[in-house]
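Beneath this line is the structure, given in structure tokens, with notes to follow.
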Amino acid sequence: MVPLILKAIRSVEQRFNVHAVYACESGSRAWGFESVNSDYDVRIIYARPKLEYVRLSPPKDAFDYRFDEPEFKDLDVACWDIRKAAELFWKSNPPLIEWMGSPIVYQEDSYITPMLRECASLYFDRKKSAYHYLSMAKGIWNEISDASEVKRKKYLYVLRPLACIRWLFQEYSI
């Protein structure tokens, strides 16, 4: 599947005139509990040509992309501009920080990626992350607690953020 994902990244780069400086897996595959029906949650941080950053009306700073080609049907691709990523690092955005720690990295720029990881570490806020994960667990729990039928995997989506909170308490004594 990796060659197909790399082909998809190249397609995004060409179609949107961007350079993928970092691409990783997010979601169940990155967390180690994918099912046979799991798609591939590819997350891309990209840079545009320099002149795009000085336009009076800047282009969108994020987009999700669904391919028309059947070979890419199992891909869920979300792309964030590096400028947006920098702002979100400053706000200690947990999903973005998770991307930087993904165990499955499809592509990384050897010059920029270390700086992105440094930003993730520098701006990481334990309390903001704990509140984020608590809110995530509560939201998913409320969603499934009213459902008549729940897939077992949904319970993992409640337990995962709770495990993240537990880790934060153990690691950082928050």
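The values are calculated or read from the model by the stated rules, or taken from the named source; none is laboratory data. Since this is a predicted model, take the numbers as computed values, not measurements. Neighbour counts run over all protein chains shown; Cβ positions are idealised from the backbone, glycine included. Surface areas here come from the heavy atoms of the whole protein model, side chains and all, with no ligands, DNA or RNA. Shrake-Rupley method; radii C 1.70, N 1.55, O 1.52, S 1.80 Å.
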- Message: So with the 1.4 Å probe, I'd like the accessible area per residue for region 129-174, rounded to whole Å².
- Response: 76 Å²
- Note on the structure: The aspartates and glutamates whose Cα lies under 16 Å from the Cα of K50, excluding any fewer than 8 residues away in the same chain, are E13, D61, D81
- Query: So if R0 is 35 Å, what FRET efficiency would Y131 and D74 give, r being the distance between their Cβ atoms, rounded to the nearest 0.05?
  - Reply: 0.60
- Query: What is the total of Lys pairs in region 73-155 with C-alpha atoms under 16 Å apart, excluding same-chain pairs fewer than 8 positions apart?
  - Reply: 5
- Note on the structure: With +1 on the Cβ of every Lys and Arg and -1 on the Cβ of every Asp and Glu, the dipole magnitude of region 57-152 about its Cα centre, in debye rounded to the nearest 20, is 560 debye
- Query: Can you pull the accessible area of D61 for me, 1.4 Å probe, Å² to the nearest 10?
  - Reply: 70 Å²
- Query: Hey, what number do you get for the chain at 222 nm if only DSSP H runs of n ≥ 4 count, each worth -39500 (n - 2.57), divided across all residues, to the nearest 500?
  - Reply: -16000 deg cm²/dmol
- Spin-label model distance (nm) - K60 vs D39, 7 Å beyond Cα toward Cβ: 1.5 nm
- Task: Subtracting the Cα-Cα distance from 0.36 nm times the residue separation, let me have the gained length for F169 to N17 in nm, one decimal.
- Result: 50.5 nm
- Message: Checking a compactness column here: for region 1-138, what do you get for Rg(Cα) / (2.2 N^0.38 Å), N being the number of residues?
- Response: 1.07
- Lys and Arg at +1, Asp and Glu at -1: add these up for the other residues within a Cβ distance under 11 Å of I104 and post the number. -1
- Item | Loop-located trypsin sites (Lys or Arg not before Pro) in region 1-83, at most 16 other Cβ atoms within 10 Å (DSSP) | R55, K60, R66, K73
- Task: Would you work out what percent of the accessible area of region 70-174, with all protein chains in place, is carbon or sulfur (probe 1.4 Å)?
- Result: 56 percent
